[in-house]
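Take a look at the structure below.
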Amino acid sequence: MRNLLLYAVLIWSFAISSEEYEVKMLNFGSGGSMVFEPGFLKVNVGDTVHFKSVDMAHNSESTKGLVPANALGWKGNINEDISVTLTEEGVYVYQCTPHLILGMVGVIQVGRPTNLDEIKGNIGSMTFAVNAERLQSYIDQVN
């Protein structure tokens with residue numbers, strides 16, 4: 001019984017200490033056209049990010065090979081909000097699938113950037129027609 005009570009208190013304290021963040025999917029924002037706002041976010045393990053469909057024809061999807069090794073990816077539907085609870089420490093790169101070529105990407109740092117070297121090694125495989133510097137500018141904010 002004592003172990004059950006301790007477990008319940010740990011779960012409860014984890015739920016209370018986690019935070020929620022909102023990232024807007026926009027045609028135009030302070031960072032230019034076809035952006036997530038904010039484009040870079042630093043959170044803690046267990047925090048939740050709500051991707052808000054503000055403008056039409058956007059989604060949020062984790063980018064294969066650009067998330068921590070044990071992390072669960074996500075794939076939101078076009079024109080729909082999606083909430084993601086981040087349970088693995090590291091760097092997550094995500095995209096708007098229909099606008100990836102336009103550089104509509106974002107980065108979330110969850111706790112320590114345990115996979116940063118891997119991310120840096122793999123982002124070169126991404127191709128953008130415009131806003132090619134955007135992803136690197138977000139990666140440069142990771143610390």
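Each reported figure results from applying straightforward, stated rules to the coordinates on display, with no laboratory input. Just so it is clear, the structure is predicted and the values come from calculations on it, not from any experiment. We place every Cβ from the backbone using ideal geometry, glycine too, and count neighbours over all the protein chains shown.
Candidates Val91, Val130: the one that is within 27 Å of Glu19 (Cβ to Cβ) and hydrophobic (A, V, I, L, M, F, W, C) is Val91. The strands (runs of 3 or more DSSP E) falling completely within region 49-143 that include 1 or more residues that are surrounded by fewer than 18 Cβ atoms within 10 Å (Cβ to Cβ) map to 82-85.
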